[in-house]
Amino acid sequence: MTPTRSAVELSDGRELIYFDESPGSGRAAYPDTRQLPPPPPASQLRYDPLSDEWVAVAAHRNTRTFLPPSDACPLCPTTERFASEIPAPGYDVVVFENQFPSFSDRIVPDEITQVTDLVPVAPGRGRCEVVCFTSDHNSAFGSLPPERVRTVIDVLADRTAVLSALPGVAQVFPFENRGVEIGVTLHHPHGQIYAYPTVTPKTAAYLRAARRHADKTGGRNLYADVLAAEQEAKVRVVASNEHWTAYVPAATRWPFEVHLAPHRQVPDLTALTDAERDAFGPLYLDLLRRFDGLFGKPMPYISAWHQAVTGEGRELGYLHLQLFSIRRAADKLKFLAGSESAMGAFVNDIVPEAAAQRLRDI
Ligand SMILES: [Zn+2]
């Protein structure tokens, strides 16, 4: 069943949307009692002519909340003692605009000037949202029931449709950072959605490769061909069901990385059928269980939805989830040092086939 959607306005004008698993919750009746200052202006985009990439400069983000005590968690429902970001006393899944967004529609025209002739500047127009997966502060995505995962997928599909339609949005990226090792600043189980004003550097590189492959093969989709090859080879496949396959990419950069892809080429989450949405949760939860089982403790991870761009090259996109961790041993993390950070050249200490075997064995 599609979640019931009710939107409210927070005291500083930001939008918050409750997505309830059953109708009639009445959550929208609770007002935000806080007196918040206006949200900060959008960041500034600066073009780096050397790397041909845009960089968002968002000075105001340094003041964001950093690991608050659990009785002052901004993502828990509001209680009598603490008014959080969520005015209602409970929720299923809730989405709201980030208080300290990297991208927003609050553009300050005077800031948009040129740095030098070679460095154009553009407004950081777009939107950044926070998605709370559960009102339970001490839970984790991997502990959610499959029905809640289905709700989350429906919510992300809703947000993908809405944000893709905003003026100037080039791509929509839902993701979850998990674990302080990754840089998480709030423990409450949550993800984020970035609606970018430009095609990101990674996606631009994927599009170049996909375009080249299509030109060479009479229009074949690169990701579909990679997935078919992995299904055939089997050695890097970790798990699968009727609609999805999870595999370790053959040239993975991270110690443990899995792609979870639907068997049908769809551009983004909005295009998934009911059956595909239902089938995602059990397989993804199984993967998260395997990740946590690798070293017998919660695995820090980044979970990233790759979706088609909204403009040129959209037909080349193939929705998939990239799940990876920086943990390479029980007490060792992979840091992005000289080769990775300065050169973008990854050195991976774990053979992908061995990583797939270890994940299968859990
Ligand atoms: Zn919380």
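Computed across the chain, the Kirkwood radius stands at 21.7 Å (inverse of mean 1/r, all Cα pairs). When the chain is treated as a Gaussian network with alpha carbon springs shorter than 10 Å, the biggest mean-square fluctuation among Asp52, Asp158, Asp105 belongs to Asp52. Take every Cα pair under 8 Å whose residues are at least 6 apart in sequence, average their separation, divide by the length of region 82-139, and the relative contact order is 46 percent.
So what's the projected area for region 81-142, the Cα convex hull averaged over all directions, in nm²?
Values: hull surface 28.6 nm².
Mean projected area of the Cα convex hull: 7.2 nm².
Using Cα positions and a limit of under 17 Å, work out the aspartates and glutamates in reach of Lys234, with same-chain residues fewer than 8 apart set aside. Cα-Cα hits under 17 Å: Asp225, Glu242, Glu257, Glu353, Asp361.
Could you please state, rounded to a whole Å, how far the C-alpha centre of region 99-142 is from the C-alpha centre of region 201-276? Their Cα centres are 28 Å away from one another.
Classify region 123-198 as rounded, prolate or oblate from the Cα gyration tensor: take a ≥ b ≥ c as the square roots of its eigenvalues, call it rounded if a/c is under 1.5, otherwise prolate when a/b beats b/c and oblate if not.
Values: a/c = 3.03, a/b = 1.54, b/c = 1.97.
It is oblate, given that a/c is not under 1.5 and a/b is not larger than b/c.
Among 244-252, 175-183, sorting by the average number of other beta carbon atoms lying within 10 angstrom of each residue, highest first, gives 244-252, 175-183.
Straight-line cross-link partners of Lys202 among the lysines, defined as a Cα under 19 Å from its Cα and at least 8 positions apart when in the same chain, are absent. Any lysines with Cα under 22 Å of the Lys297 Cα? List them, leaving off those in the same chain fewer than 8 positions away. Those lysines meeting the cut-off are Lys332, Lys334.
Please give the net charge around Pro298, taking every other residue with its beta carbon less than 15 angstrom from that of Pro298, where Lys and Arg add +1 and Asp and Glu add -1. Don't skip to the end; give the middle numbers.
Working: positive: Arg178, Arg289, Arg290, Lys297, Arg327; negative: Glu176, Glu181, Asp292, Asp331.
That works out to +1.
Just so you know, all these numbers are worked out from the coordinates, no wet-lab data involved. None of the values given here were measured: they were computed from a predicted structure. Glycine gets a Cβ as well: all are built from the backbone with ideal geometry, and neighbour counts include every protein chain shown.
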